[in-house]
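> Sharing a structure, written as structure tokens. Questions coming.
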Amino acid sequence: MISVVALPVTRTRPTSEVTGPPVVLIHGFAANGTSDWPAERWAAPLAAAGREVVVVHLPGHVGGPAVGTPDEVTTAHLLRRIAEGVGATEVDVVGYSLGARLAWDLAASGAVRVRRLVLGGLSPMEPFGAVDLAAARAAVQGGPPPADPLTGMITGMVSGEGQDAGSLLNLVEGLAREPFDPAGSAPEVPTLFVAGEQDPMVRGIDQIVARVAGARLQHVPGDHFGALAGDEFRAAVFQFLEI
């Protein structure tokens, strides 16, 4: 039995009178809490608006713990670790890419008490199950590049400067054991989906939106990375969270 160790979080306290629940921010794969959620664009204005901000640092990423085995990061175990880090209070949750997948499951499972949910850059497909992990692990150790395009893309992402490739590939394996299954259960809270107009990863998102009662889909300019960095994405989030 693997013990549940809380994931590290960075908390920013409100700098004015509290106006609503804390806002939890969950970053994407091979990114990190600082790169996806720059403090000057997210924590500072949210704190000024009376919201505590909680940035989650996922395993295998900068700011998060290393991943020794895939067992530590199956989806169910990872949700419990996020919940331990966030705490028992009701929160608003904003996730991007992998963070959106985890945010969906946090709300759907009830692991965290979610008031409002924002899912940005969510892929309707489960990519990790199709990754050739043996080829990826060989490649990051100096072997030949993977022949499969998806495995090659993931290998490139985990091999970037400052990345812990071994931990990230263990994370991929752990998450692949319990694939993202939006047909299985859906959040039952007010939900906003945000998708980049030039983002191929969100193709088919309309089918996912339809599974969440009352959910709304908003498109913003940009591809998968540009959408998150754009002012339109942040404005959509702030409006939905009543900032």
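The values are calculated or read from the model by the stated rules, or taken from the named source; none is laboratory data. Source: prediction; values computed, not measured. Here the Cβ is made from the backbone with ideal geometry for all residues, glycine too, and neighbour counts use every protein chain on show. The protein model used for the area step is the full one, side chains on, heavy atoms only, and it has no ligands, DNA or RNA in it. Shrake-Rupley method; radii C 1.70, N 1.55, O 1.52, S 1.80 Å.
> I need the full set of residues from segment 204-242 which are more than 17 Å from Tyr96 (Cβ to Cβ), touching a residue at least 60 places away in the same chain (Cβ under 8 Å) and either open to solvent by 70 Å² or more (accessible area, probe 1.4 Å) or outside any loop (DSSP other than H, G, I, E, B) (or both), in order please.
Gln207, Glu242
Yes or no, residue by residue, for (1) in contact with a Phe, Trp or Tyr (Cβ under 9 Å, 6 or more places away or on another chain); (2) charged (D, E, K, R):
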{"position": "Val4", "(1), (2)": "no, no"}
{"position": "Pro8", "(1), (2)": "no, no"}
{"position": "Ser16", "(1), (2)": "no, no"}
{"position": "Gly20", "(1), (2)": "no, no"}
{"position": "Leu25", "(1), (2)": "yes, no"}
{"position": "Gly28", "(1), (2)": "yes, no"}
{"position": "Ser35", "(1), (2)": "no, no"}
{"position": "Pro38", "(1), (2)": "no, no"}
{"position": "Arg41", "(1), (2)": "no, yes"}
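> If you don't mind, there's one more thing I want to ask. Take the conditions crowded, with 20+ Cβ neighbours inside 10 Å, assigned to a loop (DSSP other than H, G, I, E, B) and touching a helix residue (DSSP H, G or I) at 6+ places or on another chain (Cβ under 7 Å) and apply them to Gly63. Does it pass?
no
> Further question: Go through segment 166-203 and give me each residue that's surrounded by 20 or more Cβ atoms within 10 Å (Cβ to Cβ), over 30 Å from Ala139 (Cβ atoms) and of a type in the set (Gly, Ala, Ser).
Selection gives Ala195 alone.
> Can you find even one residue in segment 110-118 that is surrounded by fewer than 17 Cβ atoms within 10 Å (Cβ to Cβ) and part of a helix (DSSP H, G or I)?
The answer is no, given that none of the residues of segment 110-118 is surrounded by fewer than 17 Cβ atoms within 10 Å (Cβ to Cβ) and part of a helix (DSSP H, G or I).
> Determine whether Ala6 is at pLDDT below 95, within 22 Å of Gly160 (Cα to Cα), part of a loop (DSSP other than H, G, I, E, B) and in contact with a helix residue (DSSP H, G or I) (Cβ under 7 Å, 6 or more places away or on another chain).
Judged against the criteria, Ala6 is not a match.
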